[in-house]
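Input: a single structure, listed below in structure tokens.
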Amino acid sequence: MTELRVYRVWDAPTRWFHWINVLCVIALVAVGLVILKAGALDISNAGKVTLKAIHVLIGYVLALNLLGRILWAFIGNRYARWRSFLPGGKGYGGRVRRYASAFVSAAPEQHLGHNPLGRLAATALLLLIFLQVVTGLVLAGTDLFYPPFGHWIAQWVAAAGVPPASLVPYAPDLYDPGAWDAMRSWRKPVIWLHEYNFYALAGLVIVHIAAVVVTDLREGGSIISAMFTGNKIIRGKPVDDVSAPGD
């Protein structure tokens, strides 16, 4: 029987980025759903402002974490970098077909980093989170006049003689009616994109979790525990192994 080997795969920053993302997404979903149902729950305007402020603050953490992950993809270990993360490249289609064929066979491939299909899922998750962050920051400016876009929104909608910096939510006397209506029309597609991108993100997260569980059961390699410890325990030689075991 082939000996089990321990490989050091996920460095500490990559693991932290992953779990901070998980916590932020869970918190944002919880608060976001309450905001979405604020009318049915009879939440006051002051309560809505508080909920939106909490939502935005968590969003800032997610945005900074995402930025950190993007930067780490240039300087992290080989499994955290773009070349081991993004799909594509010469022969990528063939690698996907081989992996899929091996997955349903009696001898699935072993990978230390993301497998060819995992690269697609990880990249899609990154793009959806990025889109959710950008649209969320825009809405934070239109709802609460929060940075980075709130300053320009406030200048747009402030009534004559009202300092833009003094604007607060749910204070229509401070807004120019025409500019306010124009801004609200402008933000409608952003709201739509933020909401439906959330549904796509939630669906992909569910698929991601299911795929990780199935892959771990099918291939082994301690995929789930590796995101806690950084180590994968694999029997045989991984397809993408270019280092000595334990490195």
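Taken together, the values in this text are just the output of simple stated rules run on the coordinates, not laboratory data. Computed from a predicted structure; not experimentally measured. Positions of Cβ are backbone-derived with ideal geometry, glycine not excepted, and every protein chain shown enters the neighbour counts.
Data table
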item	result
Spread of Cα-to-Cα distances over 5 Å intervals beginning at zero, given as percent, for region 124-238	2, 10, 15, 14, 11, 9, 8, 7, 6, 6, 5, 4, 2, 1, 0
With Cα atoms, 0 to 90° folded angle of helix 92-103 axis to the chain main axis	70
Spatially proximal lysines relative to LYS188 (Cα-Cα < 26 Å; intrachain offsets below 8 disregarded)	LYS37, LYS48, LYS52
Mean residue ellipticity (222 nm) of the chain, computed from DSSP H runs ≥ 4 via -39,500 (n - 2.57), nearest 500	-22000 deg cm²/dmol
Table column - 3J(HN,Hα) (Hz), region 47-61, Karplus curve with 6.51, -1.76, 1.60, x for Gly and Pro	x, 4, 4, 4, 4, 5, 5, 4, 4, 5, 4, 5, x, 4, 4
Loop-located trypsin sites (Lys or Arg not before Pro) in region 70-152, at most 11 other Cβ atoms within 10 Å (DSSP)	LYS90
Low-density loop cleavage sites - chymotrypsin sites (Phe, Trp or Tyr not before Pro) in region 69-175, where at most 16 other Cβ are within 10 Å (DSSP)	PHE149, TYR170
Set of lysines near LYS237 by C-alpha distance (under 25 Å), chain-local residues within fewer than 8 positions excluded	LYS90
Of ALA30, LEU4, PHE149, farthest towards positive along the dipole that unit charges on Lys, Arg, Asp, Glu beta carbons give the chain	LEU4
Net charge dipole size for the chain [Lys, Arg +1 and Asp, Glu -1 on Cβ; Debye, nearest 20]	860
Euclidean distance of C-alpha centroids, region 1-32 and region 70-124, integer Å	16
Long-range HN-HN contacts of GLY236 with modeled amide H, under 5 Å	GLU3, ARG5
D (Stokes-Einstein, µm²/s), Kirkwood Cα radius, region 1-117, 0.890 mPa s at 25 °C	138
Summed residue charge, Cβ within 9 Å of THR142's Cβ, Lys/Arg positive, Asp/Glu negative	+1
Selection from TYR196, ILE43, PHE85 lying farthest towards where the dipole of the chain points positive, charges on Cβ	PHE85
Among 199-205, 158-164, the order from most to least packed when residues are scored by Cβ within 10 Å on average	199-205, 158-164
At most 12 other Cβ within 10 Å, DSSP loop - trypsin sites (Lys or Arg not before Pro), region 1-45	LYS37
Phi-based couplings in Hz for region 74-85 (Karplus 6.51, -1.76, 1.60; Gly and Pro marked x)	9, 10, x, 5, 4, 7, 8, 7, 4, 5, 9, 10
Amide hydrogen neighbours beyond the local backbone of ALA80, cut-off 5 Å, H modeled	none
Label selected from (1) 7, 31, 35, 17, 6, 3, 1, 0; (2) 7, 29, 35, 22, 7, 1; (3) 7, 26, 27, 18, 13, 7, 2, 0, 0, the criterion being P(r) over Cα pairs in 10 Å bins from 0, in percent as computed here	(3)
